[in-house]
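Below: one structure, written as structure tokens.
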Amino acid sequence: MAGWQDPEAVRFMLDDCETWAVVGLSGDPGRTAYSIAELLQSRGKRIVPVHPSAPTVLGEQGYRTLAEVPFAIDVVDVFRRSEAAGQFADEAVSVGAKGVWFQLGVVDEDAFRRTTEAGVPMVMDTCPAIEWRRHR
């Protein structure tokens, strides 16, 4: 966990970042990504669904890829298996995101190194719901 859950990075993303692209968010309310997107909205965040089928979710237009989002993204929140998550960290850096968040159980040490070396804070293996309870 060496630095993966740096309290300052967590605070920055939860407090200072407004637009969260949620990778893997579909319209299925039974999925964790959906309930976390609802939580983010309830905390005043704008969510952006990023999913291959580009669904509109929770009233927000979806996009197939991060590169297709036509406005600035603050945080890229990744709900994908660890093996598939790293590419989204790289895409987050390339689109100018201010932070990357890998959800509970999602760990990619190489992606963490690449992202933080590019100057973008990254949090792994935790959830905004957990961190809001922990830091409030």
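Laboratory data are not the source of any read-out in this text; all were calculated from the coordinates shown. From a predicted model like this one, the values you see are computed outputs, not experimental measurements. Reconstructed Cβ throughout: ideal geometry from the backbone, glycine too, with neighbour counts over all protein chains shown.
A few comments on the model shown:
- Span from the region 44-80 Cα centroid across to the region 13-33 one, whole angstrom: 8 Å
- Cα-centre dipole for region 7-135 with unit charges at Cβ (Lys and Arg positive, Asp and Glu negative), debye to 20: 280 debye
- With the simple model of a label 7 Å out from the Cα in the direction of the Cβ, Ser35 to Arg134 spans 1.8 nm.
- For the chain, projected area of the alpha-carbon convex hull averaged over all directions, nm²: 7.3 nm²
- With a Förster radius of 22 Å applied to the C-beta separation of Glu83 and Asp6, the computed FRET efficiency comes to 0.40.
- Taking all Cα pairs closer than 8 Å and separated by 6 or more residues, the relative contact order of region 87-136 comes to 40 percent.
- Order of Asp28, Asp108, Asp6, Asp74 under a 10 Å beta carbon neighbour criterion, fewest first: Asp28, Asp6, Asp74, Asp108
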